[in-house]
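**Q** Below are the C-alpha cells for one structure; questions will follow.
What follows is calculated from the coordinates using simple rules that are stated; it is not laboratory data. These numbers come from a predicted model, not from an experiment. All Cβ positions, glycine included, derive from the backbone under ideal geometry; neighbour counts span all protein chains shown.
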Amino acid sequence: MVSEPEMPASKIELPLQRCDAFHSQDPDEVQERMAQKLCPHELEVLERGARLDAHFHFARFRRMGLMYVQYGPAVRVKPNVTGFVPVQMHLSGYGKARCGKQQICANPERVMVANYDEPLEMWLSRNSTLLLTRLEWPMLVEASADMMGDRVPLRRFELGMDAGGGYPRIWVSLLVNLVRMRGRLDAACMNPLAAPLVEELLITGLLHAARSNCSGHLAEDPRCSASSRLVGQVTEMIDAAPQEPYTVSDMARWFNTSAYALNTAFRTCRGMTVRQYLRHARLQRVYGELRDYGPGEATVDEVASRWGFFDLSEFTARYRAEFGETPAETLSRAT
C-alpha cells in the first residue's frame with residue numbers, strides 16, 4: 001500500500017512549493033497558466049457556488065516536468081494532451097479518468113498513465129491533491145528502443161497502474177522522494193550531471209512499471225551477453241571523463257547494445273550497475289578535490305554539486321561508505 005500523508009493547507013509546505021508556483025481563484029487565469037505550463041484544457045467546477053482554490057507548482061528538467069496540482073472543489077478537467085504522456089498520482093482524494101476507450105477510478109494506489117494521442121477527461125473529488133509527471137512521447141519511444149531494440153516499438157500504455165507493489169511501487173517511491181527534496185530539487189533540475197540521470201531513472205522506471213504493448217519484452221535482448229571487453233571499454237570511458245553528462249542509455253547506444261544488456265554485463269563483471277560505477281568514479285574525483293584544496297578554497301557543497309551530487313545527506317552517507325570518513329573530515333585535513 002502506498003500511503004502518503006495529507007497535504008493540507010497553509011501551515012505545511014506544499015510539494016514543489018519552492019519551484020515555479022502560482023495560486024489563483026480565477027478560472028480564466030488558471031486555464032491560461034496551465035496552458036503555458038502544461039497544455040490547454042477545459043475546466044469546470046462541479047460544486048454549485050464553490051470557488052476555486054488552485055495551486056500549481058512546476059519543476060522543469062531538460063525533457064520532462066513535475067507538477068503539484070490542487071483545485072480545491074470537485075472539478076472536471078479536459079486537457080488537450082499532445083505529444084507527451086501525463087502520469088498522474090493522487091496524494092489525497094480520488095477521481096475518474098477516461099482516455100480513449102479506457103476508463104479507471106484513480107486514487108493514491110491507482111496511478112493514471114494516459115496516452116499522448118487519445119482524448120483525456122478527468123473528474124477529481126473535492127480536496128484532491130495530485131503529482132503530475134510530464135514525459136515527452138519521443139523520449140519514451142527512444143528509451144524503449146534503447147532498452148530492447150526495435151523489435152517491439154512502444155505504442156500504447158494501459159491507463160491504470162497499480163502502485164501497491166513491485167516496479168510500480170518503486171517508481172512511485174522514487175517520484176515522492178524526489179518531490180520531498182524541496183529546495184534541492186531546483187539543484188537537481190539545473191545540475192548538468194544529475195538531471196540526465198534523474199530523467200533516465202523516471203523514464204526507464206516507468207517503462208518497467210506501467211503496462212504497455214512492450215510489457216514482457218523489456219528483459220529480452222539478443223545482445224545481452226556479459227562481455228568483459230564491453231565492460232572494460234565503458235569503464236575506461238567513464239574513468240577518463242566522469243565529468244561528462246552520461247546516461248546509461250547514451251553509453252549503451254554508443255557501444256551498439258541496450259541499457260539492459262550493458263547493466264547485465266556490469267553486474268556480471270563488476271557486481272554493480274553502470275550508474276553505480278559512474279557514481280563511484282565521481283566520488284573518487286570529489287575525494288581527490290577535497291583532499292587537494294587548501295583551507296577556505298572550497299566548500300563540500302560546491303564540490304559535491306559540481307560532480308552531480310545535489311542531496312547532501314545522501315551524498316555524505318555514500319561518501320562515508322566509500323572512504324570511511326565524511327567529506328568535511330577530508331576537507332579539514334587538506335593541505
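**Q** Quote to one decimal, in nm, the extra length available between Gln103 and Arg151 on full extension: 0.36 nm per residue of separation minus the C-alpha distance between them.
**A** Numbers: separation 48, 0.36 × 48 = 17.28 nm, distance 2.88 nm.
Here the answer is 14.4 nm.
**Q** May I ask you to give the average projected area over all directions of the convex hull of the Cα atoms of region 19-125, in nm² rounded to one decimal?
**A** For the Cα atoms of region 19-125, the hull's average projected area reads 6.5 nm².
**Q** Stretch Asp250-Arg180 to full length: gain in nm at 0.36 nm per residue minus the Cα-Cα span?
**A** Stretched out fully, the Asp250 to Arg180 stretch lengthens by 22.4 nm.
**Q** Now for a separate question. Mind jotting down the distance between the C-alpha centroids of region 292-335 and region 156-216, whole Å?
**A** 28 Å
**Q** Regarding the chain, what's the average projected area of the Cα-atom convex hull, expressed in nm²?
**A** Numbers: hull surface 74.1 nm².
Seen from a random direction, the Cα hull of the chain projects 18.5 nm² on average.
**Q** Something else about it: Label Asp28 and Gln276 with points 7 Å out from Cα along Cα→Cβ: what is the distance between them in nm?
**A** Output for this residue pair reads 5.7 nm.
**Q** Determine the equivalent ellipsoid of region 115-188 by diagonalising the alpha-carbon gyration tensor, then write out the semi-axes as square roots of 5 times the eigenvalues, largest first, rounded to whole Å.
**A** One finds semi-axes of 25, 19, 14 Å for region 115-188.
**Q** Suppose each label sits 7 Å from its Cα in the direction of the beta carbon; what would the Ala317-Tyr94 distance come out to in nanometres?
**A** It is 3.4 nm.
**Q** Now a separate question. Roughly what % of Cα-Cα distances in region 278-332 sit above 17 Å, to the whole percent?
**A** On the way: 325 of 1485 pairs.
The calculated P(r) of region 278-332 puts 22 percent of pairs beyond 17 Å.
**Q** For a quick check, take a GNM of the chain with Cα springs below 10 Å and name the residue from Ser258, Ser212, Ser228 with the largest mean-square fluctuation.
**A** Looking only at Ser258, Ser212, Ser228, the largest GNM fluctuation is found for Ser228.
**Q** Let me ask something else about it. Please give the peptides 263-274, 126-137, 18-29 ranked by average Cβ packing (other Cβ atoms within 10 Å per residue), highest first, as a rough proxy for protection.
**A** By packing density, highest mean first, the sequence is 126-137, 263-274, 18-29.
**Q** Would you count, across the chain, every pair of lysines whose alpha carbons are under 25 angstrom apart, provided the pair is eight or more residues apart or spans two chains?
**A** Within the chain, the lysine pair count is 4.
**Q** Pick out the long, greasy-scoring helices in the chain: whole DSSP H runs spanning 24 Å or more along their own axis by Cα, mean Kyte-Doolittle at least 1.0.
**A** Sorted by number, there is nothing, because no helix extends far enough and scores high enough.
**Q** Let me ask another. Where in region 138-163 is the amide nitrogen less than 15 Å from a point lying 7 Å along the Cα-to-Cβ axis of His217?
**A** 141-158
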